[in-house]
């Protein structure tokens, strides 16, 4: 079988590259815990490398380095190739949202001598995993006068952190009889936010003290929560995992591990024959809907703008040809084989940590419901690129046929009639507050993405 452990092929020099790339990725993962932070990080990085916003361009030439941002939550990064856009482009598409807990629009309340924040979970989390761990708040508060306040509380050592409390086992016998899906209810994921009352005998004195602190420190009124986007995420930095430091433990590998390696691949590949693109998108964890999800027309609008900069006689058929002739890797993670839960995996058709980039010909559930199911001709093309460039790769399905399933943005992009296949990194503990990847898989994905955009 073609599956081989990637660690065995690295000499000392290559191993240094693996570790260096992993350190860069850990810095990204630790500082980018929301979609907006990922986009801001990307813009800062690429502008230092000479990339220009397409809004500033009047024409487009081979070698131009350009980008576009949508509502601070999507970004497309392009290096214009030698061929016209209508011949198609090579795209690496990944999502930058991750499962988390969101603060509701009217969140602050006082209950039995505690100030609390009412919350609503985002994406497919296992709710009991989010209690009793240290949490931070990341996001923005948009005021009526147009000011936007960036909020990060809990990451600095001098910051307070937050928590969702749990019942002690001495009193939890009845609770522990519930199923895992019910042991923590969604409405019980509220954040403990404070406990000191404002001096005096005022009603809701603890809530009023919190509001006083918010006003003093951030100039925030209670009504400002209505126009806020505050995300509750695990506190702390990504860390090396294992005595051999072979893995990384951190929040948001799904799917920022593919987003970072895709972005870096576009930057490091340079000008290619075909135009190359990293497409980093929001809302995958809730169905890819809305203005910033992959279902949005924004991506095709950006392509239309690029084509019009390259052609004075732009028409809609040019856009349709560009999309149809495009090759794409839907850069998303897959479920790595876990020996503690081997009953849900079919071992011959699953991926293993350390064995390289993973291709999922189809995802979906049970009878391939909701899948993309890449064309075998395209799979053969991708295989050849990986083999010709000595990339360790493997293939996988998302568990046994009747056990479950999942989806990515592949089927959405496939609706444009382009060739798409899922290609990403195996993950353990997917959707948990702390997920696990292999540094070897991260590096092989990065190399595989470079090989793809240069040769597809």
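Suppose the filter is touching a residue at least 12 places away in the same chain (Cβ under 8 Å), more than 17 Å from the chain's Cα centre (by Cα) and surrounded by 20 or more Cβ atoms within 10 Å (Cβ to Cβ); does residue 438 pass it?
Details: touching a residue at least 12 places away in the same chain (Cβ under 8 Å): yes; more than 17 Å from the chain's Cα centre (by Cα): no; surrounded by 20 or more Cβ atoms within 10 Å (Cβ to Cβ): yes.
No.
Results for (1) modelled with pLDDT of 95 or more; (2) more than 23 Å from the chain's Cα centre (by Cα); (3) buried (at least 21 other Cβ atoms within 10 Å of the Cβ), shown as yes or no for each residue.
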| site | (1), (2), (3) |
| --- | --- |
| 360 | no, no, yes |
| 364 | no, no, no |
| 377 | yes, yes, no |
| 384 | yes, yes, no |
| 393 | yes, no, yes |
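The residues in region 203-222 that are closer than 12 Å to residue 108 by Cβ, touching a residue at least 12 places away in the same chain (Cβ under 8 Å) and not in a helix (DSSP H, G or I) can be counted, and the count is 2.
Residues that are in contact with a strand residue (DSSP E or B) (Cβ under 9 Å, 6 or more places away or on another chain) and under 15 Å from residue 123 (Cα atoms) were ranked within region 282-306; the one that is surrounded by the most Cβ atoms within 10 Å (Cβ to Cβ) is 282. Listed conditions (1) touching a helix residue (DSSP H, G or I) at 6+ places or on another chain (Cβ under 9 Å); (2) outside any loop (DSSP other than H, G, I, E, B); (3) at pLDDT 95 or above; (4) crowded, with 16+ Cβ neighbours inside 10 Å are all met by residue 225, apart from (1). Of the candidates 341, 378, the single residue that is part of a helix (DSSP H, G or I), in contact (Cβ under 8 Å) with a residue 40 or more places away in the chain and at negative phi is 378. Can you confirm whether residue 25 is under 26 Å from residue 327 (Cβ atoms) and in a strand (DSSP E or B)? Considered against the rule, which asks whether it is under 26 Å from residue 327 (Cβ atoms) and in a strand (DSSP E or B), residue 25 comes out as no.
Rundown of residues vs (1) within 15 Å of residue 437 (Cα to Cα); (2) within 18 Å of the chain's Cα centre (by Cα); (3) modelled with pLDDT of 95 or more, yes/no style:
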position	(1), (2), (3)
235	no, yes, yes
244	yes, no, yes
257	yes, yes, yes
267	no, no, yes
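Between 418, 413, the distinction of being more than 22 Å from residue 23 (Cα to Cα), buried (at least 22 other Cβ atoms within 10 Å of the Cβ) and touching a helix residue (DSSP H, G or I) at 6+ places or on another chain (Cβ under 9 Å) belongs to 413 only.
Scoring residue 240 on the criteria (1) outside the structural domain of residue 64 (by TED's automatic domain parsing); (2) farther than 28 Å from residue 451 by Cα leaves a single failure, condition (2).
Every test in (1) within 24 Å of residue 236 (Cβ to Cβ); (2) in contact (Cβ under 8 Å) with a residue 24 or more places away in the chain; (3) in a loop (DSSP other than H, G, I, E, B) is passed by residue 159 save one, and that test is (2).
Could you tell me which of the residues 89, 133 is surrounded by 14 or more Cβ atoms within 10 Å (Cβ to Cβ) and over 30 Å from residue 273 (Cα atoms)?
Numbers: 89 fails: over 30 Å from residue 273 (Cα atoms).
The conditions single out 133.
Against the definition (in contact with a helix residue (DSSP H, G or I) (Cβ under 6 Å, 6 or more places away or on another chain), at positive phi and either at pLDDT 95 or above or outside the structural domain of residue 285 (by TED's automatic domain parsing) (or both)), how does residue 123 come out, yes or no? Yes: the conditions hold for residue 123. Evaluating residue 204 against the criteria (1) surrounded by 15 or more Cβ atoms within 10 Å (Cβ to Cβ); (2) closer than 24 Å to residue 136 by Cα leaves one unmet condition, (2).
The values are calculated or read from the model by the stated rules, or taken from the named source; none is laboratory data. In this text, all values refer to a predicted model and were calculated from it rather than measured experimentally. No Cβ is skipped: glycine too gets one built from the backbone with ideal geometry, and neighbour counts run over all protein chains shown.
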